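All remarks here apply to the structure that follows.
FYI, it's all coordinate maths here, none of it is from the lab. None of these values were measured; they are calculated from a predicted model. Reconstructed Cβ throughout: ideal geometry from the backbone, glycine too, with neighbour counts over all protein chains shown.
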Amino acid sequence: MVGIITALLLWFFLVSHVITASSTDSLVTSQSIRDGDTLISAGGSFELGFFSPTETSTSRYLGVWYRASSGNATIVWVANRGNPLHNKLGALMLNKNGILHLLSSTNKTIWSSSNIASKAKSMSSSIVQLLDTGNLVVKDGQDANNNEVNLLWQSFDYPGDTLMPGMKVGLNFVTGKNTSLSCWKSEEDPAVGEYSLKFDPRGYPQLMQMKRSAISIRRGSWNGRYFTGSPAEDMHKFKTDFVFNKKEVYYEFEILDTSIFSVFKMDPSGNTQIMVWEIQTRTPVEVSMINGPNACKSYAFCGPNAWCFMDGNFAICQCMKGYTPKFPQQWNASQWSGGCVGKTPLKCNDDTNGFFMYQYMKMPDTSTSWFSEIMSLEECRNSCLQNCSCVAYANLDIQNGGSGCLLWFDHLVDVMQFFKAGQDLYIKVPASELDIDPGHNMNIKLGIAAGVIFFGLITIVSIIIIIKPGATRILLCRRRQRRAENIDLPTFDFSILAKATENFSSSNKLGEGGFGPVYKGTLTDGQHLAVKRLSKMSTQGLEEFKNEVVLIAKLQHRNLVKLLGCCIQGAEKMLIYEYMPNKSLDYFVFDEIRRKLLDWHKRFNIISGIAHGLVYLHQDSRLRIIHRDLKTSNILLDANMNPKISDFGLARTFIGDQAEDKTERVVGT
């Protein structure tokens, strides 16, 4: 009974000192607020009070939220993350020592602000205030200018799952305090979850996303503009600040566009969102993902001495120049975690060693790196040549043409290539690797010229095969009557194809030609298909559709695309092919990044495969066929980069030993 009376008296005391929150942004010593009352920042953007994470939750937390106009408040900071109240009788008060206490109805301290300095003396003039930045601060109220020297405690020193403008993520080398982000355990529980974002100070500091104690995603080292693993963060709306000295390393950002407010928020799955509101109306205007699904971003996905790139939704690993798969059978089965090893050991102090440059790269793990802020790139190169353990180098800072030096030793881990952004990485290789594979080196140096040369080679091969011996002109075919033929070809129901392509969703669209769009489809058994759908606006029509069905159904060759079936249902006409995961040749040849994947060996195999396919069409097949529309977009590539000729809508057949013919119109390429 005595305990109950004491609790009631305490509660009466707290209630008697509650302020009217709607009119203030601050509390003074011995004042308090209870569940149901709030503090609101001077500009009205932020609110401090009690909340439950969901409508069905009975747990209560003290937190700060952004007051969006939609009414769906975004929680940006929580005090008692792992220690909820279980009723609405909690209260927050500021004691005479300048310490915040979150109390339950039984006078138990659920949470308190950490403020060692203020415990030494009375702080009767201290004040707690919710700033319009969202920062909850306790300060000595005697200074009207809000000087930081009088700051006793601030919530920005204890982030939750949200990084806000002016909030730091970093490590203090003097005190050892590591200020990091940590996600919620779930949407209903703000307790510390599996994922966190913090600095790794080893070597050159880098930002790491951890899953418990293991590295999940390496955001990378700072290159003067952005973290090398997160180039998307280099946006004009933000001013970023990276500080690294003997006392500390930290990162923070400010918003340059004064019309918006934005935060970075980590969800329970470890994904980081950029949330943006229009300040004047506090209306949500944008939510974008920094590290959405992308296998290449998974730490060390390709193992050591390899690099990763995304081809659509697929991650592909390649060994670095001068390296070969450590476990070839696993590597060929797309099990890449074993990584790569050197083909030839690098000789120490060998002046013939050189470097191979990769562009648009995420820099390797810098935990075993060495750096200099004053070295030039040439000095960096020479340092790496003279160090027997050095395997790569790069600029430390990419601003203003580049400066500083980063050296890597022994092996390279967690390297990725972007289609944009990234920076140059120089890999040490023996002289033998610089002399061989000229096609690959030419490809890096000459850019688009290599693609043009390659296309020219294909064209030459095609022309040589289809020109009549001794003739000086390319032969074209004339239209002729073709007798009806019975084709044994499986038919597909329209509903099955619609379901397989998610109702011909644009996200499944592989491309579009004169015939119409082509979609990727997946049947219920997991089989992938390519579905070519005749467009009503197509410049090609029913004649070409029939032509392709008649011709390709009778052809069987490893370098010709395989027709699996067709669909004719009402106005819908579709052809179903085997799915080619590496798309078409033009996807590689005319892209300055992807063309680097076509070394001379791959190029020669592609040219040979096209030639074999044409020889089959012109000489060895039962029907002698002239394609008439051979181009890089009609050369498809399977999982092993083997070429397959496709699109026979404009093809024509020759009879017996016929060697030439005429056409009534110019068609094809």
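Name the residues whose placed amide hydrogens come within less than 5 Å of the amide hydrogen of residue 31, ignoring near sequence neighbours (fewer than 5 apart) on the same chain.
So residue 31 has HN proximity to 94.
Hey, any idea what Rg/Rh is for the stretch 159-292, computing Rh the Kirkwood way over Cα pairs? Could the numbers behind the result be given before it?
On the way: Rg = 14.7 Å, Rh = 15.4 Å.
Over the Cα atoms of the stretch 159-292, Rg/Rh equals 0.96.
For a protection proxy built on the mean count of beta-carbon atoms within 10 angstrom, sort 83-91, 255-263, 25-33 highest first, please. If you can, show how the numbers build up before the last one.
Values: 83-91: 17.6, 255-263: 15.3, 25-33: 19.2.
Answer by packing, highest mean first, reads 25-33, 83-91, 255-263.
Roughly how many Å is it from the Cα centre of the stretch 76-99 to that of the stretch 552-609, as a whole number?
Cα centroid of the stretch 76-99 versus Cα centroid of the stretch 552-609: 63 Å apart.
How far, in nm, would the chain grow between residue 572 and residue 605 when pulled straight, counting 0.36 nm per residue and subtracting the alpha carbon separation? Mind showing how you got there, number by number?
Numbers: separation 33, 0.36 × 33 = 11.88 nm, distance 3.74 nm.
Using 0.36 nm per residue and subtracting the Cα-Cα distance, I get 8.1 nm.
Starting from the Cα-Cα distance between residue 348 and residue 562, subtract it from 0.36 nm times their residue separation and give me the gain in nm to one decimal. Before the final figure, lay out the partial values.
On the way: separation 214, 0.36 × 214 = 77.04 nm, distance 5.22 nm.
Going from the current span to full extension adds 71.8 nm.
Using the Karplus equation 6.51 cos²θ - 1.76 cosθ + 1.60 (θ = phi - 60°), what ³J(HN,Hα) coupling, rounded to whole Hz, does each residue of the stretch 318-331 give in order, writing x for Gly and Pro?
9, 6, 5, 3, x, 10, 9, x, 5, 10, x, 5, 5, 4
Taking R0 as 22 Å, what's the FRET efficiency between residue 112 and residue 151 from their Cβ-Cβ distance, rounded to 0.05? Before the final figure, lay out the partial values.
Numbers: r = 17 Å, r/R0 = 0.78.
E between residue 112 and residue 151, to the nearest 0.05, is 0.80.
Residue 311 versus residue 504, label points 7 Å from Cα toward the beta carbon: distance in nm?
Distance between the two pseudo-spin positions: 2.8 nm.
Over the stretch 318-436, how many pairs of lysines fall under 13 Å by alpha carbon, counting only those 8 or more apart in sequence or from different chains? Present the calculation step by step, with values, prior to reporting the outcome.
Working: 321/343; 321/428; 326/343; 343/428; 347/428; 362/420.
Close lysine pairs under the 13 Å cut-off: 6.
For the stretch 256-353, what does the equivalent ellipsoid look like in terms of its semi-axes, each the square root of 5 times an eigenvalue of the Cα gyration tensor, given largest first in whole Å?
Rounded to whole Å, the semi-axes are 43, 18, 10.
From a point 7 Å beyond the Cα of residue 225 in the direction of its Cβ, which residues of the stretch 359-385 have a backbone N at a distance under 12 Å?
360-361
Working from the alpha-carbon coordinates of the stretch 318-436, get Rg over Rh, Rh being the Kirkwood radius.
Rg divided by Rh gives 0.97.
In whole angstrom, how long is each semi-axis of the equivalent ellipsoid of the stretch 221-281, when you take the square root of 5 times every eigenvalue of its Cα gyration tensor and sort them from largest down? Mind showing how you got there, number by number?
Details: eigenvalues 102, 50, 26 Å².
Taking √(5λ) for each Cα gyration eigenvalue gives 23, 16, 11 Å.
If I model a spin label at residue 524 and residue 389 as a point 7 Å from the Cα along the Cα→Cβ vector, what separation in nanometres do I get?
According to this spin-label approximation, the distance is 6.0 nm.
Please compute the modelled spin-label separation between residue 420 and residue 333, points set 7 Å along Cα→Cβ, answer in nm with one decimal.
Those two pseudo-labels are separated by 3.9 nm.
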